[in-house]
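Novice: My structure is below; once you've seen it, I'll send some questions.
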Amino acid sequence: MSAKAQHNSKGHPNDVIYTPLPVALIAIEMANIQDETVLDPCKGAGVFYDNLPGKKHYCEITEGKDFYDWTEPVDVIIGNPPFSQWNKWIQHTLTICKKRFVYVMGATNLTGRRLQWILDAGFGITKIHICKVNWFMLQTMIIVAERGAPTIMTGTPKMIKCDVCGNCKRGVYGNHPNICLNKGTKHEFVGHS
């Protein structure tokens, strides 16, 4: 990954972490690229780009080729985007990707809201691979999203709140997870202790 933090004025040190070759090769295999146009949106040292088949293109902010400036539709997008830019990154991906995208991401980066954007744009999550890279901060996932395909993953885009009152801080800020703060009632779980 190397789409630099210059996209925002604050920057983020975890936006420039290069993908290890074994992870890139797993993602490329999962992409199943067949005589298609492919975009590596954040080339970095080239671990994806140098191993991609097909007609390939790349973006790399340090070379003045900003992913957010890319407007030409492509069949496949594959890479390891900057973790601090997921919202903007996914939204741009959905505007230029014709068939599928394959992204390396931390397990917490695929939120319910982001998943809903993907599904609403007509993509389905068709493959998920979990791996652990010892210098990445989080458990890592490689996901494949394909246009027009049924999804193997669903989610709830909005926060699930207290089922007694609908709006208390139950279970957060040190509050007891089974007591509604507004009504003072203990939530009893049927079949659980």
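Novice: Quick check: residue separation of ILE96 and LYS161 times 0.36 nm, minus the Cα distance between them. What number comes out in nm?
Specialist: Between ILE96 and LYS161, full extension yields an extra 19.9 nm.
Novice: State to the nearest 20 debye the size of the charge dipole of the chain about its Cα centre, where the only charges are +1 on K and R beta carbons and -1 on D and E beta carbons.
Specialist: Numbers: 21 positive and 16 negative charges, 182 e Å.
That gives a dipole near 880 debye.
Novice: Still on this structure, I have one more. Have a look at TRP135, TRP70, TRP117 and tell me which one the Gaussian network model of the chain (Cα, springs below 10 Å) gives the largest fluctuation.
Specialist: TRP135
Novice: A further question follows. So, in Å, what gap is there between the alpha-carbon centers of region 131-179 and region 18-63?
Specialist: 28 Å
Novice: Something else: What does the extension gain come out to for GLN116 and TYR173, with contour length at 0.36 nm per residue minus their alpha carbon separation?
Specialist: Working: separation 57, 0.36 × 57 = 20.52 nm, distance 2.77 nm.
Extra length from GLN116 to TYR173 when fully extended: 17.8 nm.
Novice: Magnitude of the Cβ-charge dipole of region 91-193, K/R +1 and D/E -1, about the Cα centre, nearest 20 debye?
Specialist: Numbers: 14 positive and 4 negative charges, 36 e Å.
Magnitude of the dipole: close to 180 debye.
Novice: Can I ask one more? Per residue of region 98-106, what does 6.51 cos²θ - 1.76 cosθ + 1.60 with θ = phi - 60° give for ³J(HN,Hα)? Whole Hz please, x for Gly and Pro, Karplus curve as stated.
Specialist: Coupling constants for region 98-106: 8, 10, 7, 9, 10, 10, 8, 8, x Hz.
Novice: Go ahead and estimate [θ] at 222 nm for the chain from helices alone: -39,500 (n - 2.57) per DSSP H run with n ≥ 4, summed, over the residue count, rounded to 500. Before the final figure, lay out each step's value.
Specialist: Values: 3 runs with 31 residues, N = 193.
Mean residue ellipticity at 222 nm (helix-derived): -5000 deg cm²/dmol.
Novice: Which lysines have a Cα less than 22 Å from the Cα of LYS183, not counting those fewer than 8 places away in the same chain?
Specialist: Excluding near neighbours in sequence, the set is LYS161, LYS169.
Novice: Would you mind counting up the charge near LYS169? Only other residues with Cβ under 15 Å from its Cβ, with Lys and Arg at +1 and Asp and Glu at -1.
Specialist: With Lys, Arg at +1 and Asp, Glu at -1, the net is +2.
Novice: Mind checking which of ILE33, GLN91, ASN109 is farthest towards the positive end of region 5-147's charge dipole, using Cβ charges of +1 (Lys, Arg) and -1 (Asp, Glu) about the Cα centre?
Specialist: Of ILE33, GLN91, ASN109, it is ASN109.
Novice: Could you work out how far apart the two model spin labels at LYS132 and GLU63 are, taking each label as a point 7 Å from the Cα in the direction of the beta carbon, and quote it in nm?
Specialist: Going from the LYS132 label point to the GLU63 one covers 3.5 nm.
Novice: Something else now. Net charge around ALA121, counting only other residues with Cβ within less than 14 Å of its Cβ (Lys, Arg = +1; Asp, Glu = -1)?
Specialist: +4
Novice: Over region 5-147, what relative contact order in percent results from Cα pairs under 8 Å that are six or more residues apart?
Specialist: Details: 254 pairs, mean separation 29.5, N = 143.
Reported relative contact order: 21 percent.
The numbers here are math on the coordinates, done by the rules we state, and not lab data. Predicted model, so just to flag it, every value in this text is computed and none were measured. Using ideal geometry, Cβ is built from the backbone for each residue, glycine included, and neighbour counts are taken over all protein chains shown.
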